Amino acid sequence: MKEPRLRLFLFFENESGMTANPAPHLEIYRALAKNNCGRCQLPSCLAFAAAAASGQKNLADCPLLDAAARERLATCLAGRPEQELYKFVKDLNQFEQQIVKLDFAQAAGRIGGILRDGRLVISSLGKEFAVDQQGQVHSDCHLIPWVKAPLLAYVTNPEHQNVTGHWLNFRDLPGGMERRNLFASRCERLLKELADQHVDLLRDLAELFQGEDATGFAADTALILRPLPHFPLLICWQAPEDDIDSSLTILFDPCCGVNLPAQMTLSLCIGLVQMFSRIAALHN
Ligand code: SF4
């Protein structure tokens with residue numbers, strides 16, 4: 001199959017562009033009717049803009065905001081947590097300092113890894129990654145920061161929960177609500193477009209990354225992947241039919257909300273979608 005070529009692409013280094021916006025509430029306010037009509041259940045348009053920027057209100061809660069403006073502003077909202085996330089992902093020193101003090105034997109048992117030659121070895125999508133006591137990660141696969149940061153966050157997280165077999169939306173994970181727009185735009189929407197364009201992609205991902213079919217979901221493809229040992233995610237894709245558009249949802253076992261903070265779950269999914277898009281390019 002594509003294994004030899006895949007190894008060149010797996011976690012290939014590439015920084016994606018950012019869509020930062022310094023004041024999203026002002027951007028939202030500019031687009032509102034500014035008549036303070038109160039139909040959004042808030043006393044003023046300015047209050048609504050602040051609530052929408054912080055994720056407490058949806059843009060759709062203002063009935064006077066048209067669809068085109070909502071779409072444009074969704075990108076603006078997505079830019080704010082991305083800026084915060086980008087800074088966090090780049091600062092890998094924070095994890096390296098924690099790993100120096102980490103008891104590897106204890107951590108291996110907790111996180112579903114093994115100890116080998118003094119290194120903590122964990123499986124990600126069927127590939128091995130070995131962390132040394134200085135916080136360096138060794139593997140045949142090249143790691144981009146979007147994936148390396150969550151991997152180190154997972155290893156150093158003192159909290160841990162085993163897989164439950166249930167599924168949640170990203171917004172229902174702790175910290176997911178305020179990052180849901182960014183998750184939708186950078187992960188679910190992009191992966192849906194890839195799946196729409198390359199109908200065999202999800203099947204190929206299952207084969208390449210030791211994915212499993214999930215049953216009992218109303219979807220044409222329901223695929224479970226394990227980017228970390230105790231971190232299963234479920235991708236459900238429904239093909240377009242007649243005039244109904246396709247849909248794609250990524251669900252998470254509740255343990256994901258304990259085993260990684262939401263910004264790291266987001267980072268991991270952004271990294272995975274980047275990787276999948278390179279694999280999809282091989283389909284052309
Ligand atoms: S419903 Fe829209 S126009 Fe009316 S107050 Fe709320 S934000 Fe302003």
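Counting charges near residue 132 (Lys, Arg +1; Asp, Glu -1) among other residues having Cβ under 15 Å from its Cβ returns a value of 0. Taking all protein chains together and rolling a 1.4 Å probe, residue 166 ends up with roughly 120 Å² accessible. Heavy-atom accessible surface of segment 85-216, averaged per residue, reaches 49 Å², computed with a 1.4 Å probe. Solvent-accessible area of residue 212, all protein chains in place: 80 Å² (probe radius 1.4 Å, heavy atoms, ligands and nucleic acids excluded).
Listed by chain and number, the aspartates and glutamates whose alpha-carbon sits under 12 Å from that of residue 127, ignoring those within fewer than 8 places in the same chain, are 3, 140. Checking every one of the chymotrypsin sites (Phe, Trp or Tyr not before Pro) in segment 92-167 against DSSP loop status and a limit of 15 other Cβ atoms within 10 Å picks out no site at all.
The values are calculated or read from the model by the stated rules, or taken from the named source; none is laboratory data. As the structure is a prediction and not an experimental result, all values here were calculated from the model. Don't worry about glycine lacking a Cβ; one is built from the backbone with ideal geometry, like all the others, and counts go over all protein chains shown. These area figures cover heavy atoms from the full protein model, side chains too; ligands, DNA and RNA do not enter into them. Shrake-Rupley method; radii C 1.70, N 1.55, O 1.52, S 1.80 Å.
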